[in-house]
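Below you'll find the structure, written out as structure tokens, and then a few comments.
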Amino acid sequence: MNLSAKTPRRNEAKRKPVALHNSSVLPATFKVFIFLLAIFVTVTARVSYNQKAESLNRESLRVREKIHRLEREIANLRIEKEKLSSWPHISDKLVALNLPLRTPDPQQVKRLIMIAKDGGIQAPASTPARKSISKRETSKLRNL
Amino acid sequence: MTRNSDIGTRSVVVMLFFFLCLIFLGVRLYQVQINRHDELYAKAKEKYTAIAVKSGSRGEIYDSKGNLLIGNIPCADIVADPQIVGDEFKCRKIANLIASELHLDEAKIYERLMMKTRIVTAKDGSQSASTVRYVVLADKVDFADAERLREEVSKAKYKGVYFNECTKRFYPKNELLANILGFTNLDRDKVVAVFGVEKYFDKNISPTKVKNLYVRDRLGRPLTYGDSRINEVRDGLNIYLTIQEPIQAILEEELDKLVEKWKPRAAYAILADPYSGDILAVAQRPTYNPNERSVMNPEAWRNRIAEDTFDPGSTMKPFAISGALDYGIVTPSTKFDCEKGRWFYGGKILRDSHPLGTLSVSEIIQKSSNIGTAKIALLMGEKRLNDTLRSFGFGSRTGVPLSPETSGLFRPLEKWDNLSITRFPIGQGIAVSPLQLVRAYCVLANGGYSLNLNLVDRVENPDTGEVMQVKRGPGPSIFKNPETQHKIVEMMKLVTQQGGTAEKAAIKGYYVGGKTGTSQKCLNGHYSESQFFATFVGFVPADKPSFVLLVTADEPKGNHFGGIVAAPAFSSIGYRVLRYMNVRPNAFEEMAKK
């Protein structure tokens with residue numbers, strides 16, 4: 001009996017490696033790569049843009065918050081100013097600090113306002129500007 | 001040894017498993033994205049969408065020069081989330097900090113912070129525990145205090161304590177013009193105007209409230225993208241009154257002096273421009289401080305100048321006499337017998353305060369003779385008298401934006417009795433509001449041109465800066481004879497001169513035209529013998545008036561004559577206001593003419 005220990009070869013053709021056609025795979029891979037890269041770039045750009053926008057938004061919110069707080073502070077100070085400048089408050093302080101208001105003494109008056117005939121207020125006439133005069137004019141003046 | 005068939009089977013099983021997983025994921029995706037889309041989208045939207053209620057500022061009120069009379073002061077409500085605040089120790093610490101900074105009861109704050117759950121009773125009576133996420137620790141805390149406390153809280157890194165920004169109505173001038181300005185109350189979060197200018201212009205000065213919808217991040221900050229609806233709020237309109245704060249301060253100060261001296265039940269003063277009808281100052285006593293609500297008395301904040309009426313007494317005489325002059329019935333020198341102070345007419349006696357003999361019309365005004373005035377009115381006749389008094393505005397409202405405003409009590413002609421013609425011209429049986437009397441004197445002072453009083457100068461839209469000026473100006477002349485006004489003013493000048501009833505109303509350097517009024521109060525249909533209104537109303541400088549001023553004391557103690565009680569206050573107010581207005585003295589003008 002002729003026996004042989006040999007694994008029978010089944011389908012030799014199947015075991016043969018399939019020949020790769022480099023010329024067709026590489027461009028396809030490259031195309032996919034380019035496509036994926038485009039998606040990646042787009043998404044990254046979008047995310048980056050969104051992040052930038054949000055960062056600016058947060059910054060603007062911070063500034064707005066600051067402005068709002070300053071506005072509230074100004075409103076508070078304005079009310080405080082109005083309170084302090086009101087006559088009841090001033091008169092109370094005058095009494096408390098014993099500082100009665102009175103009309104000024106004549107020698108204390110530094111500026112007088114001329115009242116025009118039509119009721120309007122005239123500013124006091126300003127001192128005329130000095131001008132140099134000629135010798136001839138000086139002699140005329142001396143002769144007067 | 002593994003056989004190839006086994007490997008193949010396993011591969012198939014794995015692939016099948018992954019395929020089933022894929023199918024499952026696909027089904028799940030379909031369920032989540034398609035079937036439950038609306039439900040889940042709504043849930044997500046609810047989580048990331050915030051609603052913020054925003055309200056503009058209530059309009060502010062200023063005087064004509066832009067001095068703030070009512071404003072909004074920033075403040076804060078301090079609230080907490082008891083679930084976040086922490087344990088007993090933390091609550092104790094926070095309560096201690098807030099109580100010591102704001103001078104509040106520590107135990108109360110601690111109690112609120114520790115209120116982690118609340119028993120809620122349902123409609124069917126069943127009770128259940130509900131977690132508490134919001135408690136108010138202090139409301140309307142002043143801006144400076146709130147800011148200081150905010151820093152302390154952030155420094156100590158306490159969590160769950162929040163500062164909600166808000167504003168409250170503030171009256172920086174306290175009592176100044178309080179009865180006219182009115183005030184607002186808070187009904188929960190709603191501002192309710194109670195009376196005065198605040199109430200009259202409530203619709204105009206109320207801001208709009210909007211709900212803003214936006215997509216937020218984890219910290220609650222609005223994101224730039226997403227479905228958002230942002231509406232702009234509109235602030236309320238700012239009102240500029242015709243009031244001038246310095247004049248108002250003078251008026252209030254002098255009225256206080258009158259009250260201190262004569263201790264009346266009430267007193268009021270009104271100062272108005274006779275040409276435009278602008279009310280430049282108006283004050284009344286008693287008054288109140290709108291910033292101190294706990295001690296406020298309704299009797300003090302009632303607006304007497306628009307709501308109350310009084311018998312004007314002798315202050316009515318110039319109107320009846322000006323009518324008689326205008327109709328040509330009398331001249332300033334026409335003589336009347338004043339019956340030595342007692343005269344029977346229509347079955348009733350009419351008295352003068354002093355016995356007077358024969359007087360000219362000028363002297364009747366100067367000495368304030370009731371009998372003389374009644375006799376002039378009889379010569380005029382009822383219709384002419386009625387027409388004259390109505391042309392001065394008696395019986396009709398003044399147009400001032402204050403509600404309620406009385407139209408006074410002036411019977412229609414058909415309801416006059418036989419005594420009306422002798423009583424109305426001397427200010428009895430007729431009731432007028434202080435505003436009506438001032439308006440009538442404005443007409444006398446401005447040459448006889450009818451007008452309405454104004455309290456509002458302009459309205460400003462703070463959002464756009466647009467300003468709307470209130471139209472005003474004198475109407476047609478009520479006098480047919482242009483000389484009438486001059487004649488009556490000349491007579492009224494005598495009142496404040498030697499021999500007149502109000503020498504104390506005189507102002508050095510100026511001619512004052514005016515009239516005293518001492519009227520008995522009408523109580524239960526009878527004139528009281530002990531309760532009076534003491535009034536002086538006039539204008540200065542008489543020939544070209546800068547203002548009309550009314551001063552009235554209701555039930556003064558010690559004396560009740562207008563010439564004694566009200567006239568000195570008129571003089572001192574007038575003197576200070578003339579100086580403030582920079583009005584030239586008449587003496588100066590006469591010298592200039594010479």
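Among the listed residues B:A445, B:A431, B:A440, B:A377, which satisfies the condition of being in the same structural domain as B:A542 (by TED's automatic domain parsing), more than 25 Å from B:T552 (Cα to Cα) and not aromatic (F, W, Y)? Spell out how you get there, then give the answer.
On the way: B:A445 fails: more than 25 Å from B:T552 (Cα to Cα); B:A431 fails: more than 25 Å from B:T552 (Cα to Cα); B:A440 fails: more than 25 Å from B:T552 (Cα to Cα).
Result of the check over B:A445, B:A431, B:A440, B:A377: B:A377.
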What's the number of the condition A:W87 fails, among (1) more than 14 Å from chain B (Cβ to nearest Cβ); (2) surrounded by 10 or more Cβ atoms within 10 Å (Cβ to Cβ); (3) modelled with pLDDT under 90?
-> (1)
Residues located in region B:554-589, provided they are surrounded by 24 or more Cβ atoms within 10 Å (Cβ to Cβ), within 27 Å of the chain's Cα centre (by Cα) and hydrophobic (A, V, I, L, M, F, W, C) | B:A566, B:A569, B:F570, B:I573, B:V577
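For residues in region B:272-321 being polar (S, T, N, Q) and without any contact (Cβ under 8 Å) to a residue 40 or more places away in the chain, which is farthest from B:I180 (Cα to Cα)? Show your work before the answer.
From region B:272-321, those polar (S, T, N, Q) are B:276, B:284, B:287, B:289, B:291, B:294, B:297, B:303, B:309, B:314-315; that's our starting set.
Add one more test, that the residue is without any contact (Cβ under 8 Å) to a residue 40 or more places away in the chain, and what stays is B:294, B:297.
Values: B:S294: 20, B:N297: 15 Å.
Looking at residues that are polar (S, T, N, Q) and without any contact (Cβ under 8 Å) to a residue 40 or more places away in the chain, I get B:S294.
Please enumerate the residues belonging to region B:167-185 that are more than 18 Å from B:Q248 (Cα to Cα) and within 14 Å of chain A (Cβ to nearest Cβ). Even if it seems obvious, please write down each step before you answer.
The initial filter retains those residues of region B:167-185 that are more than 18 Å from B:Q248 (Cα to Cα), namely B:167-170, B:183-185.
Of everything in region B:167-185, those that are more than 18 Å from B:Q248 (Cα to Cα) and within 14 Å of chain A (Cβ to nearest Cβ) turn out to be B:T167, B:K168, B:R169, B:F170.
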Restricting the first residue to region B:100-118 and requiring it to be surrounded by 13 or more Cβ atoms within 10 Å (Cβ to Cβ), which pairs with a second residue that is among the acidic types (D, E) meet a Cβ separation below 8 Å and a spacing of at least six or different chains?
-> B:E101/B:D145; B:E101/B:E152; B:L102/B:D145; B:M114/B:E88
Identify the residue in region B:464-507 that is of a type in the set (S, T, N, Q) and assigned to a loop (DSSP other than H, G, I, E, B) and, among all such residues, is farthest from B:A542 (Cα to Cα).
-> B:T464
What are the residues in region B:146-177 that are surrounded by 14 or more Cβ atoms within 10 Å (Cβ to Cβ), outside any strand (DSSP E or B) and aliphatic (A, V, I, L, M), if any?
-> B:A146, B:L149, B:V153, B:L176, B:L177
Hey, any hits in region B:218-237 for a residue that's in a helix (DSSP H, G or I) and either under 15 Å from the mean Cα position of the chain (by Cα) or modelled with pLDDT of 90 or more (or both)?
-> no
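Just to be sure, is A:K66 within 27 Å of the chain's Cα centre (by Cα), of a type in the set (K, R) and at pLDDT 90 or above? If you could, list the steps in order and put the result at the bottom.
Details: within 27 Å of the chain's Cα centre (by Cα): yes; of a type in the set (K, R): yes; at pLDDT 90 or above: yes.
Considered against the rule, which asks whether it is within 27 Å of the chain's Cα centre (by Cα), of a type in the set (K, R) and at pLDDT 90 or above, A:K66 comes out as yes.
Would you confirm whether or not region B:303-314 contains a residue that is aromatic (F, W, Y) and under 30 Å from B:K480 (Cα atoms)? Reasoning before the result, please.
In the first step, residues of region B:303-314 are kept if they are aromatic (F, W, Y); the result is B:310.
Remaining after also requiring under 30 Å from B:K480 (Cα atoms): B:310.
Yes, region B:303-314 contains a residue that is aromatic (F, W, Y) and under 30 Å from B:K480 (Cα atoms).
Would you tally the residues in region B:540-562 being away from chain A (no Cβ under 14 Å) and more than 22 Å from B:R304 (Cβ to Cβ)? Don't jump to the end; show me each part of the working.
Applying the first criterion (away from chain A (no Cβ under 14 Å)) to region B:540-562 yields B:540, B:542, B:547-562.
Checking the rest, the ones that are also more than 22 Å from B:R304 (Cβ to Cβ) come to B:540, B:542.
Qualifying residue count for the region: 2.
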For region B:213-246 the number of residues that are crowded, with 22+ Cβ neighbours inside 10 Å and within 11 Å of chain A (Cβ to nearest Cβ) is 1
B:R423 meets each of (1) under 18 Å from B:I279 (Cβ atoms); (2) assigned to a helix (DSSP H, G or I) with one exception, condition (1)
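Can you find a residue that is aliphatic (A, V, I, L, M) and touching a Leu at 6+ places or on another chain (Cβ under 6 Å) anywhere in region B:497-516?
First pass over region B:497-516, keeping only residues aliphatic (A, V, I, L, M): B:502, B:505-507, B:512.
Still in the list and also touching a Leu at 6+ places or on another chain (Cβ under 6 Å): none.
No, because not a single residue in region B:497-516 is aliphatic (A, V, I, L, M) and touching a Leu at 6+ places or on another chain (Cβ under 6 Å).
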Test for B:G56: is it within 14 Å of chain A (Cβ to nearest Cβ) and under 26 Å from B:V215 (Cβ atoms) = yes
Please specify each residue of region A:42-63 satisfying the condition of being basic (K, R), surrounded by 11 or more Cβ atoms within 10 Å (Cβ to Cβ) and modelled with pLDDT of 90 or more.
-> A:R62
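For region B:306-358, give me each residue that is among the β-branched types (V, I, T), under 45 Å from the mean Cα position of the chain (by Cα) and under 27 Å from B:K487 (Cβ atoms).
At the first step, the residues of region B:306-358 found to be among the β-branched types (V, I, T) are B:309, B:315, B:321, B:329-331, B:334, B:349, B:358.
Now restrict to residues that are under 45 Å from the mean Cα position of the chain (by Cα): B:309, B:315, B:321, B:329-331, B:349.
Within region B:306-358, B:T315, B:I321, B:I329, B:V330, B:T331 qualify.
Name the residue that is nearest to B:L419 (Cα to Cα), counting only residues in region B:350-362 that are without any contact (Cβ under 8 Å) to a residue 40 or more places away in the chain and not polar (S, T, N, Q). First the steps, then the outcome.
Start the filter on region B:350-362 by keeping residues that are without any contact (Cβ under 8 Å) to a residue 40 or more places away in the chain, which leaves B:351-352, B:354-360.
After this cut, where a residue has to be not polar (S, T, N, Q) as well, the list is B:351-352, B:354-357, B:359.
Values: B:R351: 14, B:D352: 16, B:H354: 21, B:P355: 21, B:L356: 21, B:G357: 22, B:L359: 22 Å.
Residue satisfying both the conditions and the ranking: B:R351.
The values are calculated or read from the model by the stated rules, or taken from the named source; none is laboratory data. No experiment lies behind these values; they were computed from the predicted model shown. Heads up, the Cβs are rebuilt from the backbone with ideal geometry, glycines too, and the neighbour counts pull from every protein chain shown.
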